[in-house]
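Peer 1: A single structure is presented below for examination.
Coordinate-derived values only; no laboratory data. All of these numbers come straight from a predicted model, not from anything done at the bench. Heads up, the Cβs are rebuilt from the backbone with ideal geometry, glycines too, and the neighbour counts pull from every protein chain shown.
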Amino acid sequence: MRLFLDTASVDEIRAAAKLGVISGVTTNPTLWAKAGGGNYRDIVVEICNIIDGPISAECLSRDVEGLVKEARQVASWHPNVAVKIPIDEAGLEATSRLSKEGIKVNMTLVFSPNQALLAAQAGATFVSPFVGRLDDVGHDGMQVVADTVQVFERYHLPNQVLAASLRHPLHVIAAAKVGAHIATMPYSVLMAMLRHPLTDVGIERFLADAKKAAKAARGTGKA
Ligand code: E4P
């Protein structure tokens, strides 16, 4: 399972990129606003220059022609841009047209396996079930990811299941266990995956013991 960062913060993306474990980025208008706004195109292009992988940028038009026009424009910003389009009638029709032009679509705001199947048939490269938002309203978000993976595998569909709206490290590991192709997560979740108190304690102990050993070696004239 590939790991994407779910943020529009260039600072977070730079910090995560150094770790060498992130292979794409998802942004949305909420994340863009949270990161302080600015010119969306410039931010997306900057992200493309940091991470060499799919970078999702949201389209805001609400009708088919507007979406197709906007998506073509957004996709022209950089070859790695995937246009993010919410699933509804206009989104599906636009995705069918755009995918035939070779434009990568990330079909977003997916909340059921039925929506996921429609997104796949329309040719979306990435299909994004929103786990956390389903959990928030008392549904099992990860089950939608699991069902979607099962259906795509059953019919050998080439579309990738991108588990989104992940809120904590358990979501990431659950997405991996049910076979999601990609998990996109906030920087805080990536850091929570990395850190473990026993690792910190272990490092401290190794350093302290190495110091002791060096001191003992100096005492015996072996260092
Ligand atoms: C990513 O593509 C989604 O926009 C994002 O994961 C949504 O996350 P949220 O539900 O925490 O806002």
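Peer 1: Given H placed on each backbone N at 1.01 Å, which residues far from Thr26 in sequence or on other chains put an amide H within less than 5 Å of it?
Peer 2: Answer set, sorted by chain and number: Leu5, Asp6, Thr7, Ser56.
Peer 1: Want the number for Asp140 to Arg62: 0.36 nm per residue separation, take away the alpha-carbon distance, what's left? All intermediate terms of the calculation are to be shown ahead of the outcome.
Peer 2: Working: separation 78, 0.36 × 78 = 28.08 nm, distance 2.87 nm.
Difference between extended and current length: 25.2 nm.
Peer 1: Relative to the longest principal Cα axis of the chain, at what angle does helix 89-100 sit, 0 to 90 degrees, rounded to 10?
Peer 2: 80
Peer 1: What is the Cα coordinate range of the chain on the first, second and third principal axes, sorted by size from largest, in whole angstrom?
Peer 2: Principal extents (Cα only, largest first): 80, 37, 31 Å.
Peer 1: Return the sequence-ordered ³J(HN,Hα) values of segment 198-204 in whole Hz as given by the Karplus equation 6.51 cos²θ - 1.76 cosθ + 1.60 applied to θ = phi - 60°, using x for Gly and Pro.
Peer 2: 5, 5, 4, 4, x, 5, 4
Peer 1: Taking Cα pairs under 8 Å and at least six residues apart, what relative contact order does the chain come out at, in percent?
Peer 2: 16
Peer 1: Provide the per-residue ³J(HN,Hα) series for segment 152-162, in order, calculated from phi with Karplus coefficients 6.51, -1.76, 1.60 and θ = phi - 60°, each as a whole number of Hz, with x at glycine and proline positions.
Peer 2: Listing the rounded values in order: 4, 5, 4, 10, 6, 6, x, 5, 9, 8, 10 Hz.
Peer 1: Within 12 Å, Cβ to Cβ, of Glu12, how many net charges do the neighbouring residues add up to if Lys/Arg are +1 and Asp/Glu are -1? Walk me through the numbers on the way to the answer.
Peer 2: Working: positive: Arg14, Lys18, Lys34; negative: Asp6, Asp11.
Value of the local net charge: +1.
Peer 1: A further question follows. Enumerate the amide H contacts of Lys84 below 5 Å, restricted to partners 5 or more residues apart or on another chain; note that Pro and chain-start residues carry no placed amide H.
Peer 2: Here Ala57, Glu58, Cys59, Asn106 satisfy the definition.
Peer 1: How many angstrom separate the Cα center of segment 104-119 from the Cα center of segment 15-51?
Peer 2: Each part reduced to its Cα centre gives a spacing of 22 Å.
Peer 1: For the pair Asn49 and Ala33, how long in nm is the line joining their label points, each one 7 Å along Cα→Cβ?
Peer 2: That separation, rounded to one decimal, is 2.8 nm.
Peer 1: Here's another thing I want to ask about it. State, in angstrom, two size descriptors of segment 70-119 derived from its alpha carbons: Rg to one decimal place and Dmax to the nearest whole number.
Peer 2: Cα-based Rg and Dmax for segment 70-119 come out at 10.7, 31 Å.
Peer 1: Pairing the Cα long axis of helix 40-50 with the longest principal axis of the chain, what angle in degrees results, from 0 to 90 and rounded to the nearest 10?
Peer 2: 50
Peer 1: Suppose every Lys and Arg Cβ carries +1 and every Asp and Glu Cβ carries -1, with no other charges. What dipole size does the chain come out with about its Cα centre, to the nearest 20 debye?
Peer 2: 1240
Peer 1: Same structure again: Run the reach check for Lys104 against lysines, Cα to Cα strictly under 20 Å, same-chain hits fewer than 8 apart removed. What comes back?
Peer 2: By straight Cα distance, Lys104 reaches Lys69, Lys84.
Peer 1: Testing the spin-label approximation: label points 7 Å from Cα along Cα→Cβ at Glu204 and Asp88. State their distance in nm.
Peer 2: Between Glu204 and Asp88, the label points sit 5.3 nm apart.
Peer 1: Provide the per-residue ³J(HN,Hα) series for segment 138-151, in order, calculated from phi with Karplus coefficients 6.51, -1.76, 1.60 and θ = phi - 60°, each as a whole number of Hz, with x at glycine and proline positions.
Peer 2: x, 9, 8, x, 5, 5, 5, 5, 4, 5, 5, 4, 4, 5
Peer 1: Oh, and also: Taking a quarter of the surface of the convex hull around the Cα atoms of segment 149-223, what do you get in nm²?
Peer 2: Average of the hull's projected areas for segment 149-223 equals 8.0 nm².
Peer 1: In nm, to one decimal, how far is the modelled label at Lys100 from the one at Val21, with both set 7 Å along Cα→Cβ?
Peer 2: Spacing of the two 7 Å Cα→Cβ label points: 4.2 nm.
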